[in-house]
Amino acid sequence: MASFSIFRRKEDMPTCIKSRYGFTLLEFLVTMIVIGIMVTVGIPSFLDMITKHRLKGATESIYGDLQLTRMEAIKRNKNISLTFQTVDANNWCYAMHDGDDCDCTKANNCTVDDQISMVTFSEEFKDIGIKTNFKQDSTSFNPVRGTSNSGSITLTTKQKSSKLIVSSRGRIRVCSDDLMEYPAC
């Protein structure tokens, strides 16, 4: 049986007949509800991932600077220290120096061989707190064998923490009960 149409081409069809392609309002609303649920479930996980990366970044930065301080002490054949200063829980700084006095909160105050050393501030690591148990919040590396005064640095967020441990032999290790990249403390 042949079908007949009064329209010879699709372009000649009225708009109300052509627009059968697309979404209904109900399909659109269901899609928006599903997307809303996925975003609601995903945001806390995403924020947790950002916090972990900030903590890991701060940990790796301090680890690298401790290693650099040790290498500079051996290379320059003189004691080099890394000093930490905290103003409050999330406002801190640290710098490498070769003298007795280093206040990283003051500009151009920390030097190595009369050259101004770089200062790292807590603003680079948002919402990361720091606590040390070094004598006078400073660890000093001896040039002979790279030995150091022992102590630790604990970095914390609201729920997570990591710890850098410096042994008297100058060995630096990292541990964390919250970051899977490091062994447990």
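Data table
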read-out: Count - residues of segment 87-98 that are outside any loop (DSSP other than H, G, I, E, B) and either aromatic (Phe, Trp, Tyr) or more than 20 Å from Gly64 (Cα to Cα) (or both); value: 5
read-out: Criterion (in contact (Cβ under 8 Å) with a residue 12 or more places away in the chain, polar (S, T, N, Q) and loosely packed, with under 14 Cβ neighbours inside 10 Å) met by exactly one of Asn77, Asn90; value: Asn77
read-out: Residues located in segment 56-90, provided they are among the hydrophobic types (A, V, I, L, M, F, W, C), over 28 Å from Thr147 (Cβ atoms) and in contact with a strand residue (DSSP E or B) (Cβ under 6 Å, 6 or more places away or on another chain); value: Ala89
read-out: Which numbered condition Asp101 misses (of (1) part of a helix (DSSP H, G or I); (2) out of contact with any Ser or Thr (no Cβ under 8 Å at 6 or more places or on another chain); (3) over 23 Å from Arg145 (Cα atoms)); value: (1)
read-out: Cross-chain or 6+ apart pairs with Cβ under 6 Å, segment 34-63 first and within 19 Å of Thr156 (Cα to Cα), then in a helix (DSSP H, G or I); value: none
read-out: Tally, over segment 165-181, of residues that are assigned to a loop (DSSP other than H, G, I, E, B) and without any contact (Cβ under 8 Å) to a residue 60 or more places away in the chain; value: 6
read-out: Subset of segment 157-171 that is crowded, with 19+ Cβ neighbours inside 10 Å and among the β-branched types (Val, Ile, Thr) - its residue that is modelled with the highest pLDDT; value: Val166
read-out: Selection from segment 152-173 of residues that are out of contact with any helix residue (DSSP H, G or I) (no Cβ under 7 Å at 6 or more places or on another chain) and not charged (D, E, K, R); value: Ser152, Thr154, Thr156, Gln159, Ser161, Ile165, Ser167, Ser168
read-out: Selected residue (criterion: farthest from Leu82 (Cα to Cα)) from residues of segment 139-155 that are buried (at least 19 other Cβ atoms within 10 Å of the Cβ) and not β-branched (Val, Ile, Thr); value: Leu155
read-out: Every residue from segment 156-185 that is closer than 14 Å to Gly57 by Cα and touching a Leu at 6+ places or on another chain (Cβ under 6 Å); value: Thr157, Lys160, Ser162, Val174
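The values are calculated or read from the model by the stated rules, or taken from the named source; none is laboratory data. Not measured: the values here are computed from a predicted model. Here Cβ is always computed from backbone atoms with ideal geometry, including for glycine, and neighbour counts include all displayed protein chains.
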